[in-house]
1. Somewhere in segment 176-194, is a residue under 26 Å from PRO123 (Cβ atoms), of a type outside the set (A, V, I, L, M), within 17 Å of the chain's Cα centre (by Cα) and modelled with pLDDT of 95 or more?
2. Restricting to segment 20-55, name every residue that is over 17 Å from VAL84 (Cβ atoms) and not in a helix (DSSP H, G or I).
3. Under the condition of being under 30 Å from ASN199 (Cα atoms) and either β-branched (Val, Ile, Thr) or at pLDDT 90 or above (or both), which residue from segment 4-51 is nearest to the chain's Cα centre (by Cα)?
4. Failed condition for ASN62, given (1) surrounded by fewer than 24 Cβ atoms within 10 Å (Cβ to Cβ); (2) in contact (Cβ under 8 Å) with a residue 24 or more places away in the chain, with all others met?
5. Can you tell me which of (1) farther than 22 Å from LEU35 by Cβ; (2) among the polar types (S, T, N, Q); (3) surrounded by fewer than 17 Cβ atoms within 10 Å (Cβ to Cβ) is the one ASN104 doesn't meet?
6. Just to be sure I understand, how many residues within segment 222-260 are surrounded by 15 or more Cβ atoms within 10 Å (Cβ to Cβ), of a type in the set (Gly, Ala, Ser) and outside any helix (DSSP H, G or I)?
7. If I ask for residues that are surrounded by fewer than 23 Cβ atoms within 10 Å (Cβ to Cβ) and either over 21 Å from LEU121 (Cβ atoms) or of a type in the set (S, T, N, Q) (or both), which ones from segment 69-92 would you list?
Amino acid sequence: MLLMMIPLLVARPMLAMEATSTDAQTYFERGRADLGGNKLDEAIANFTKALEVNPRYADAYNGRATAYMAMGRYDEAISNYSKVVDLEPSDADAYSNRGLAYANQGRLDQAMSDFNKTLALNPKQFVAYANRGMVYGARGQYSQAISDYTKALELNPSFTLAYNNRGLTYADMGEYDKAIADFNKALELNPRFPFAYNNRGVAYASKGQYEQAVSDHTKALEIEPRYARAYVNRASAYYRLKQYDKAWDDVHKAQSLGQGIREEFLNDLRRASGREK
C-alpha cells in the first residue's frame with residue numbers, strides 16, 4: 001500500500017515584509033487572493049510581478065512555490081522554496097515544504113535531509129515528523145516511521161492523516177489490529193475520510209474478514225464515488241466471498257475510471273466465475 005502524502009501546508013505567514021515596496025505588496029496581496037480562490041495561474045503571475053519589483057521578497061517566492069506545488073510542478077516549487085531558504089535560512093516551514101516537493105518526486109534522500117533540517121530548526125513541527133515518517137515507510141524502515149508518526153501525534157493528537165499513515169505502516173508490518181485501531185481513530189476524527197475507510201477495508205480483508213471489508217469499501221465509495229482503488233479492493237473482497245458478478249461490476253467501474261487491474265486477479269476471477277469479463 002502507498003502512503004498518502006501529507007498535504008502542503010502554507011505554514012509561513014503570508015505577510016508583506018517591511019522593506020517591500022507598495023507595488024510589490026499590492027501584487028503579493030493579489031496573488032494571495034488568487035491562491036485562496038484556486039486561481040493558480042493568476043496567482044503565479046501576480047507573485048512574479050511582486051518579485052520583479054522586489055527580487056528579495058521571500059513571501060512572494062513562498063506563495064509562488066505553493067501555487068506550483070498545487071499544480072504538481074515540483075521542480076519549480078523546489079526552485080522557489082530554495083529561494084526562500086536562501087533569503088531566510090532559519091525558515092523551517094520552507095524546508096518542510098521543499099522536502100514534500102522532493103518526496104512527491106521520489107527524491108527521498110533530499111526529502112529526508114529537508115525534514116531533518118526542519119526539525120532541527122523547529123522540533124515541534126508535527127507535519128515534518130509525519131512527512132519524515134512517510135519517507136521512512138517508503139524506505140521500508142517501519143519502526144522509524146512508526147516513531148515519527150507517533151511523535152507527530154504527540155504534538156497534534158487531532159492529526160487525522162498521521163493516524164491513517166501510521167495505520168498503513170502497521171499494515172505493511174502485518175500488524176492488522178494496530179492498523180485497524182489507527183484507522184478507527186482517523187475516522188473518529190473525520191467520519192467522511194474515504195481513504196481511512198478503504199484502508200481499514202484492506203486491513204479487514206488481510207484478516208479474512210471480507211464482509212467487513214466490503215462494508216468499508218462501500219462506505220468509501222459513498223463518500224467518493226470516483227475512488228477507483230476502492231472499487232478494485234471491493235472487487236477483491238467480493239471475489240473472496242464468491243460473489244463473482246459483483247466483483248465483475250466493480251472491475252468494470254474501476255476500469256471505466258482508468259484504473260488498471262492486475263491480470264493475475266482477472267484470470268482468477270475468470271476461472272472462478274466462468275466469465276471472460
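The values are calculated or read from the model by the stated rules, or taken from the named source; none is laboratory data. Being a predicted model, the structure only gives us computed values, none of them experimental. Because the Cβ atoms are built from the backbone with ideal geometry, glycine has one as well, and the counts that use them run over all protein chains shown.
1. yes
2. SER21, GLY37, ASN38, LYS39, listed by residue number.
3. Residue satisfying both the conditions and the ranking: ILE6.
4. Of everything listed in (1) surrounded by fewer than 24 Cβ atoms within 10 Å (Cβ to Cβ); (2) in contact (Cβ under 8 Å) with a residue 24 or more places away in the chain, ASN62 misses just condition (1).
5. (1)
6. Qualifying residue count, segment 222-260: 0.
7. ALA70, MET71, GLY72, ARG73, TYR74, ASP75, GLU76, SER79, SER82, SER90
Residue-by-condition table, conditions (1) under 26 Å from PRO225 (Cα atoms); (2) in contact with a His (Cβ under 7 Å, 6 or more places away or on another chain):
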| site | (1), (2) |
| --- | --- |
| SER113 | no, no |
| ILE146 | no, no |
| LYS185 | yes, no |
| GLY201 | yes, yes |
| GLY208 | yes, no |
| GLU211 | yes, no |
